[in-house]
Amino acid sequence: MKFIDEYRDPERARALLDRIRRKAVHEWTIMEICGGQTHSIIRNGIDQLLPPTVRLVHGPGCPVCVTPLETIERALAIASKPGVILASFGDMLRVPGSSKDLFMARSEGADVRIVFSPLEALQIARDNPQKEVVFLAVGFETTAPANAMAVWQAAREGIGNFSELVSQVMVPPAMSAILSSPGNQVQGFLAAGHVCAIMGWEEYEPVAERFHVPIVPAGFEPVDLLAGILQVVEMLEEGRTGVVNAYGRVVSREGNPQARKIMNEVYEVADRPWRGIGVIPASGLVLCEAYARFDAEKRFDVGHIAPQESPLCRSGEVLQGHLKPSDCEAFGRECTPLTPLGATMVSSEGACAAYYKYHRNTTF
Ligand code: SF4
């Protein structure tokens with residue numbers, strides 16, 4: 001606890017804020033990629049303490065938010081099949097499909113279970129050999145190694161009744177898509193510290209070089225975030241680009257080689273749709289040929305699924321930093337955490353949900 005308190009120390013935070021205020025002479029727009037960082041920023045009021053020259057916008061780094069509605073519908077369709085146990089993390093179960101979520105499917109009789117790890121889902125498969133167990137495997141590079149490990153282990157043990165419905169996405173292609181999008185305002189990034197703990201930061205260097213932006217891996221506590229913001233501001237003011245790590249106690253350049261190895265063995269890179277944004281080239285992971293037999297999408301034919309998003313929702317613009325959540329006309333009216341219309345209100349990590357929870361209902 002003492003260790004974490006260091007990174008919540010008001011004196012250290014104040015000193016960093018003073019340095020940011022002195023340094024930020026010009027106007028800058030910085031995106032924090034991760035939903036966990038967004039919530040920490042809003043919860044601690046960091047965006048309101050920064051000088052008016054530093055504007056934070058919130059990125060697409062919330063796995064629940066960017067999981068396509070089509071994947072939710074597919075999970076619901078698979079869960080409704082006889083003899084299927086569908087398992088996932090709890091926050092995925094309350095993501096609404098077109099007419100219901102997985103919790104409602106469970107109340108209607110489907111065997112839907114909350115697990116805390118994919119290996120727990122694999123254990124359910126071992127314990128229920130007469131059933132088909134499907135793990136809804138979503139997330140960024142943080143969840144991919146454990147999800148890959150479950151498939152690898154199933155293959156090693158010859159467990160034939162386990163499969164994954166995979167919706168894995170990756171951060172660097174999303175950064176490139178944001179920086180390439182018409183009307184982009186983002187000039188620098190805070191990269192997500194936990195993603196970089198797995199992947200390191202080598203993959204960010206080509207992005208920084210191509211788009212001439214600073215990218216700074218940063219943590220989640222107020223002092224971590226302020227140190228990251230200060231680093232980005234200094235680089236912008238000095239005209240420097242590249243990757244500089246502000247989360248040295250967790251992140252190394254090469255990341256976690258063992259985690260990357262298992263990911264690379266089980267998954268391969270593919271184009272992937274992101275909810276609210278659309279397809280981003282080479283931004284996702286799918287099971288590679290050697291493990292394709294564990295692909296629930298191939299194992300269960302649920303027909304063509306083409307759900308419609310709410311026409312009121314502007315989460316795609318929120319996720320790309322074009323819009324603040326409170327600028328959406330449906331925010332807090334038609335769209336609340338209990339009646340979410342879109343990606344960024346669905347999850348407790350979403351930017352719209354953060355603005356709602358912490359009463360940020362004024363426009364930027
Ligand atoms: S407030 Fe709701 S409707 Fe508006 S962008 Fe956010 S999720 Fe979509």
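Select from region 162-204 the residues that are touching a Gly at 6+ places or on another chain (Cβ under 8 Å) and among the small types (Gly, Ala, Ser) and write down the one among them that is farthest from Val216 (Cα to Cα). Per the stated criteria, the residue is Ser167. Give me the pairs, please: first residue somewhere in region 338-354 and within 17 Å of Pro307 (Cβ to Cβ) and in contact (Cβ under 8 Å) with a residue 60 or more places away in the chain, second residue anywhere and near the ligand (Cβ under 6 Å from one of its atoms) and among the basic types (Lys, Arg), beta-carbon distance under 6 Å, and either six or more positions apart or on two chains. Close Cβ pairs (under 6 Å, with a partner that is near the ligand (Cβ under 6 Å from one of its atoms) and among the basic types (Lys, Arg)) do not exist here. From the list Val269, Val243, Val251, which one is surrounded by 14 or more Cβ atoms within 10 Å (Cβ to Cβ) and over 30 Å from Tyr291 (Cβ atoms)? Only one candidate qualifies: Val243.
Annotation for region 298-313: at least one member residue is near the ligand (Cβ under 7 Å from one of its atoms), farther than 21 Å from Leu76 by Cα and at pLDDT 90 or above. Looking only at residues of region 317-356 that are over 17 Å from Gly97 (Cα atoms) and among the charged types (D, E, K, R), we find that the one that is farthest from the ligand (Cβ to nearest atom) is Glu349. Screening Gly83 against (1) in contact with a Lys or Arg (Cβ under 7 Å, 6 or more places away or on another chain); (2) touching a residue at least 60 places away in the same chain (Cβ under 8 Å); (3) closer than 30 Å to Lys131 by Cβ leaves a single unmet condition, (2). Scanning region 4-58 for residues that are of a type in the set (Lys, Arg) and either at positive phi or in contact (Cβ under 8 Å) with a residue 12 or more places away in the chain (or both) turns up Arg8, Arg12, Arg19, Arg21, Lys23, Arg43, Arg55. Could you say whether any residue in region 274-295 is surrounded by 15 or more Cβ atoms within 10 Å (Cβ to Cβ), free of Cβ contacts under 8 Å to residues at least 12 places away in the same chain and within 10 Å of the ligand (Cβ to nearest atom)? No, every residue in region 274-295 fails to be surrounded by 15 or more Cβ atoms within 10 Å (Cβ to Cβ), free of Cβ contacts under 8 Å to residues at least 12 places away in the same chain and within 10 Å of the ligand (Cβ to nearest atom). Does Pro182 meet the test of being out of contact with any strand residue (DSSP E or B) (no Cβ under 7 Å at 6 or more places or on another chain) and within 30 Å of Val54 (Cβ to Cβ)? Answer is yes for this residue.
Within region 318-333, residues that are closer than 22 Å to Gln48 by Cβ and in contact (Cβ under 8 Å) with a residue 40 or more places away in the chain sit with their Cβ atoms under 6 Å from residues that are of a type in the set (S, T, N, Q) and near the ligand (Cβ under 8 Å from one of its atoms), at 6+ positions apart or across chains, in these pairs: Val318/Thr344. The helices (runs of 4 or more DSSP H) falling completely within region 140-233 that include 3 or more residues that are in contact (Cβ under 8 Å) with a residue 40 or more places away in the chain and crowded, with 20+ Cβ neighbours inside 10 Å map to 144-157, 171-180, 193-199. All of (1) more than 16 Å from Leu190 (Cα to Cα); (2) not in a loop (DSSP other than H, G, I, E, B) hold for Arg8 with one exception: (2).
Rundown of residues vs (1) touching a Cys at 6+ places or on another chain (Cβ under 9 Å); (2) under 22 Å from Trp274 (Cα atoms); (3) at pLDDT 95 or above; (4) not acidic (Asp, Glu), yes/no style:
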| position | (1), (2), (3), (4) |
| --- | --- |
| Gly160 | no, no, yes, yes |
| Pro172 | no, yes, yes, yes |
| Leu179 | no, yes, yes, yes |
| Gly183 | no, yes, no, yes |
| Phe189 | no, yes, yes, yes |
| Ala197 | no, no, yes, yes |
| Val207 | no, yes, yes, yes |
| Leu225 | no, no, yes, yes |
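So, of the residues in region 234-281 that are among the aliphatic types (A, V, I, L, M) and under 21 Å from Val213 (Cα atoms), which turns out to be nearest to the chain's Cα centre (by Cα)? Going through the qualifying residues, I end up with Ile280.
The values are calculated or read from the model by the stated rules, or taken from the named source; none is laboratory data. These numbers come from a predicted model, not from an experiment. Here the Cβ is made from the backbone with ideal geometry for all residues, glycine too, and neighbour counts use every protein chain on show.
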